[in-house]
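Everything on this sheet refers to the single structure shown next.
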Amino acid sequence: QKEVEQNSGPLSVPEGAIASLNCTYSDRGSQSFFWYRQYSGKSPELIMSIYSNGDKEDGRFTAQLNKASQYVSLLIRDSQPSDSATYLCAVRIQGAQKLVFGQGTRLTINP
Amino acid sequence: GAVVSQHPSRVICKSGTSVKIECRSLDFQATTMFWYRQFPKQSLMLMATSNEGSKATYEQGVEKDKFLINHASLTLSTLTVTSAHPEDSSFYICSARVIEAMSYEQYFGPGTRLTVT
């Protein structure tokens with residue numbers, strides 16, 4: 001079982017709709033969770049970090065964390081073509097400095 | 001804030017030569033920096049964790065004698081690819097962790113695209 005799992009996609013969403021990206025992790029002691037966006041040929045860019053159960057909103061982005069289910073998600077409201085990218089879920093396991101990344105979900109927003 | 005730079009952005013070198021890549025945190029101090037490699041259409045692969053003033057911690061399967069890492073100050077880490085070969089051609093990306101104790105956020109540099117001919 002991979003430590004951090006994401007559906008690789010591609011996930012296709014019409015412009016203006018809500019894009020929902022999901023991530024599961026295996027280490028129950030994981031404490032820090034991050035979503036990064038990576039455009040083709042570019043390096044990852046931090047979008048959201050979340051540390052406690054529940055929702056965290058930042059503009060059009062909402063991160064949701066459920067530690068009991070070992071599940072973290074990212075919602076993008078009012079999706080725009082510029083949101084088309086690969087979204088990486090990253091998890092910091094207990095006691096570690098490094099992040100473990102999922103394989104990424106490729107999201108395409110269709111005009 | 002939290003800007004990380006890398007230099008060079010792109011480098012082409014001949015097989016057998018060495019290449020040095022610099023990673024700098026521009027507006028914050030970073031006790032810990034990370035080096036990743038990414039092949040086309042693949043996810044990030046962590047190569048090593050670099051702590052200021054101490055030896056780097058390499059991930060399993062990464063040759064420490066081939067990928068030399070130096071973290072001499074709180075704002076600079078370098079990766080030297082020694083005796084580069086075509087299979088080392090890849091996108092090398094560094095990241096830096098902000099020093100505050102409770103934040104494990106990593107900010108990435110723009111990456112260095114290495115081509116070995």
*GNM on chain B, C-alpha springs below 10 Å: top fluctuator among B:Thr49, B:Thr17, B:Thr32?*
B:Thr17
*For region B:77-117, what's the relative contact order in percent, using C-alpha pairs closer than 8 Å and at least 6 residues apart?*
46
*Positive-end residue, chain A charge dipole about Cα centroid, Cβ charges, pick of A:Gln6, A:Thr108, A:Ala85*: A:Gln6
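Compute the FRET efficiency between B:Leu26 and A:Ala68 as 1/(1 + (r/R0)^6), taking r as their Cβ-Cβ distance and R0 = 41 Å, and round to the nearest 0.05.
Details: r = 40 Å, r/R0 = 0.97.
Calculated value: 0.55.
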*asked:* P(r) for chain B, please, calculated from all Cα pair distances in 10 Å bins and given in %.
replied: 15, 49, 30, 6, 0
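If you take each beta carbon of peptide B:44-51 and count the beta carbons of other chains within 10 angstrom, what is the mean? Walk me through the numbers on the way to the answer.
On the way: counts 12, 1, 4, 0, 1, 3, 0, 1.
Averaged over the peptide's residues, the number is 3.
Defining a contact as two alpha carbons under 8 Å apart and six or more residues distant in sequence, what relative contact order in percent does chain A show? The partial results should precede the final answer.
Numbers: 281 pairs, mean separation 42.3, N = 111.
Contact order relative to length: 38 percent.
Counting partner chain Cβ atoms within 10 Å of every residue's Cβ in A:93-103, what's the average? Mind dumping the intermediate values first?
Working: counts 0, 0, 0, 2, 9, 11, 9, 2, 5, 2, 3.
Going residue by residue through A:93-103 and averaging, the value is 4.
Which trypsin sites (Lys or Arg not before Pro) in region A:1-61 pass both tests, a DSSP loop state and at most 12 other beta-carbon atoms within 10 Å? It would help to have the intermediate numbers written out before the result.
Numbers: sites: A:Lys2, A:Arg28, A:Arg37, A:Lys42, A:Lys56, A:Arg60; in loops: A:Lys2, A:Arg28, A:Lys42, A:Arg60.
Here the trypsin sites (Lys or Arg not before Pro) that fit, given the DSSP loop and packing criteria, are A:Lys2, A:Arg28.
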_Within chain B, longest stretch free of exposed trypsin sites (Lys or Arg not before Pro) [DSSP loop, at most 10 other beta carbons within 10 Å]_ = B:42-117
*Once Rh is set to the Kirkwood radius over Cα pairs, what Stokes-Einstein translational diffusion coefficient, in µm²/s, holds for the protein assembly as shown at a temperature of 25 °C and a viscosity of 0.890 mPa s?*
135
*Once you measure Cβ to Cβ distances between cysteines in the protein assembly as shown, which Cys have no partner under 4.7 Å?*
B:Cys13
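How many partner chain Cβ atoms sit within 10 Å of a residue's Cβ in peptide B:108-117, on average, as a whole number?
If you average over the peptide's residues, the count of other-chain Cβ atoms is 2.
Kindly rank A:76-87, B:68-79 from highest to lowest mean number of other beta carbons found within 10 Å of each residue. Intermediate values should be presented prior to the final figure.
Values: A:76-87: 17.2, B:68-79: 18.8.
Listed from highest to lowest mean packing, they are B:68-79, A:76-87.
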*asked:* Which chymotrypsin sites (Phe, Trp or Tyr not before Pro) in region A:1-56 sit in a loop by DSSP (not H, G, I, E or B) and have at most 16 other Cβ atoms within 10 Å of their own Cβ?
replied: A:Tyr39, A:Tyr51
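All of the numbers you see were taken from the coordinates with simple rules; none came from a lab. These figures come from a predicted structure and were not determined experimentally. Cβ: placed from backbone, ideal geometry, glycine included. Neighbour counts: every protein chain shown.
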